[in-house]
Amino acid sequence: MKTNPLKDKSLDFAIQIVNATRELQKSQKEYILSKQLMRSGTAIGALYCEAEQAESRADFIHKLAIAQMECNESLYWLELLERTNLMDKNEYEKLEPPCRELIRLLTSIIRTAKKYQMS
């Protein structure tokens with residue numbers, strides 16, 4: 001079976017987000033921001049799965065662009081949680097790099113898909 005880096009990395013990131021959110025809710029009794037992070041952080045992989053079944057190249061690109069936006073939103077929530085001292089700096093430093101890596105992967109795939117769409 002062929003490996004799929006974006007699918008694997010987005011699933012790994014979603015698992016990390018679920019665990020971090022659980023910890024925020026348990027230790028900080030923080031439910032509002034953590035739910036926002038949970039929603040955006042887990043949506044990335046779900047949107048990629050949707051993109052795999054896209055009806056057209058344009059639909060594929062659109063779904064990945066939404067996943068990219070969810071990544072950016074996740075970065076925002078992570079930074080906000082860390083700067084307000086709701087999230088430990090070590091936890092932030094564990095979650096931020098894989099999120100940025102997902103953005104880079106999505107950006108690369110979108111650029112390539114757009115290039116082939118124009119051909």
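Annotations
- Once the Cα-Cα distance is subtracted from the 0.36 nm per residue extended length, the residue 54 to residue 69 segment shows a gain of 3.6 nm.
- For the chain, a Gaussian network of Cα nodes joined below 10 Å ranks 80, 37, 64 by mean-square fluctuation, and the top entry is 80.
- Computed from the Cβ-Cβ distance with R0 of 41 Å, the FRET efficiency linking residue 32 to residue 3 stands at 0.65.
- Shown for the chain: lysine pairs separated by 8 or more places, or found on different chains, whose C-alpha atoms are under 16 Å apart, numbering 4.
- If a spin label sat at a point 7 angstrom from the Cα of residue 112 along the line to its beta carbon, the backbone N atoms of region 1-39 nearer than 15 Å would be those of 2-9.
- From phi via Karplus (6.51, -1.76, 1.60), per-residue ³J(HN,Hα) for region 89-100 in Hz, x at Gly/Pro: 4, 4, 5, 4, 5, 7, 8, 5, x, x, 5, 5
- Using bins of 5 Å that start at zero, the share of Cα-Cα pairs per bin across region 5-114 amounts to 2, 14, 25, 23, 15, 10, 6, 3, 1, in whole %.
Readers should treat all values here as calculations from the given coordinates under stated rules, not as data from a laboratory. Bear in mind that the values here come from a model prediction, so they are computed numbers and not experimental data. Here Cβ is always computed from backbone atoms with ideal geometry, including for glycine, and neighbour counts include all displayed protein chains.
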